[in-house]
1. Can you name the helices (runs of 4 or more DSSP H) wholly within the range 49-123 that have at least 2 residues being within 24 Å of K32 (Cβ to Cβ)?
2. D80 passes all but one of (1) in contact (Cβ under 8 Å) with a residue 12 or more places away in the chain; (2) near the ligand (Cβ under 8 Å from one of its atoms); (3) surrounded by fewer than 17 Cβ atoms within 10 Å (Cβ to Cβ); (4) closer than 16 Å to P29 by Cα; which number fails?
3. For the range 1-34, which positions are surrounded by fewer than 10 Cβ atoms within 10 Å (Cβ to Cβ) and at pLDDT 85 or above?
4. If I ask for residues that are farther than 17 Å from C64 by Cβ and either surrounded by fewer than 21 Cβ atoms within 10 Å (Cβ to Cβ) or more than 9 Å from the ligand (Cβ to nearest atom) (or both), which ones from the range 92-111 would you list?
5. Note down all Cβ pairs under 6 Å where the first residue falls in the range 58-73 and is at negative phi, the second is part of a helix (DSSP H, G or I) and not small (G, A, S), and they're at least six residues apart or on different chains.
6. Cβ contacts < 8 Å: first residue over 27 Å from K30 (Cβ atoms), restricted to the range 104-121; second residue near the ligand (Cβ under 8 Å from one of its atoms) and acidic (D, E), any location; separation 6+ or different chain. Result?
7. Restrict the check to the range 60-75 and report whether at least one residue is within 24 Å of K116 (Cβ to Cβ) and more than 13 Å from the chain's Cα centre (by Cα).
8. Sort through K114, K89, K134 and tell me the only one that's exposed (fewer than 13 other Cβ atoms within 10 Å of the Cβ) and modelled with pLDDT under 95.
Amino acid sequence: MKNMKKIIFGLAILAVFTFSQTTNAQAKPKGKEWKVPAGDASKKSPKVDAVAGKDIWGTNCKSCHGIKGLGDGTKAEKIDISCGDFSSKEFQSKSDGELFYYTKIGRKPMPSFKEKLSDTEVWQVVAYMRTFKK
Ligand code: HEC
């Protein structure tokens with residue numbers, strides 16, 4: 001009977017630990033609503049190479065958004081709002097034009113990539129973000 005209690009206690013600790021680990025990235029509050037002008041949201045992506053987007057992601061985005069876009073990059077810890085979960089339905093239901101706009105413009109603490117990436121490069125990284133879909 002004594003052992004049983006120990007086992008149950010052990011399992012409870014494990015459950016709490018696992019829960020806190022898996023929810024860590026999403027536990028932070030979301031940023032305020034971020035509206036995209038209608039003309040930008042409806043922009044269509046040209047045909048681009050998502051593979052090229054992978055390198056751009058690794059160099060410019062991964063540090064915050066994580067390898068798979070789960071919002072668990074090494075810098076995410078120090079940011080007080082959520083970096084989002086790009087595998088989610090909510091994120092993936094946004095248009096290419098919206099993702100292009102967010103990436104191009106940025107919003108603190110996320111930097112703007114207006115100067116750093118060409119339009120083609122932004123479309124490539126948009127295509128790459130589509131591969132995060134669950
Ligand atoms: C310094 C950390 C940081 C870097 C680097 C960064 N982001 Fe972000 N990103 C964020 C944060 C934080 C948010 C949420 C901003 C908000 O809600 O105000 C965000 C939001 C976004 C959004 C909007 C998400 C949504 O659900 O509306 C997109 C798209 C995005 N980032 C793409 C990128 C891409 C692509 C790159 C690289 C080219 C990148 N980010 C680099 C921190 C970062």
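The values are calculated or read from the model by the stated rules, or taken from the named source; none is laboratory data. Since this is a predicted model, take the numbers as computed values, not measurements. Positions of Cβ are backbone-derived with ideal geometry, glycine not excepted, and every protein chain shown enters the neighbour counts.
1. Values: elements: 50-60, 62-65, 89-92, 96-105.
Counting at least 2 such residues, we get 62-65, 89-92, 96-105.
2. (2)
3. Once the filter is applied, which keeps residues that are surrounded by fewer than 10 Cβ atoms within 10 Å (Cβ to Cβ) and at pLDDT 85 or above, the range 1-34 yields P29, K32, E33.
4. If we filter the range 92-111 for residues that are farther than 17 Å from C64 by Cβ, which is where we start, we get 92-98, 100-101.
The answer is Q92, S93, K94, S95, D96, G97, E98.
5. From residues that are at negative phi, the pairs are K68/F132; G73/K62; G73/C64; G73/H65.
6. Matching pairs, first to second residue: none at all.
7. Taking the range 60-75 and keeping what is within 24 Å of K116 (Cβ to Cβ), we get 60-75.
Those left that are additionally more than 13 Å from the chain's Cα centre (by Cα): none.
No, the range 60-75 contains no residue that is within 24 Å of K116 (Cβ to Cβ) and more than 13 Å from the chain's Cα centre (by Cα).
8. Details: K114 fails: modelled with pLDDT under 95; K89 fails: modelled with pLDDT under 95.
Exactly one residue qualifies, and that residue is K134.
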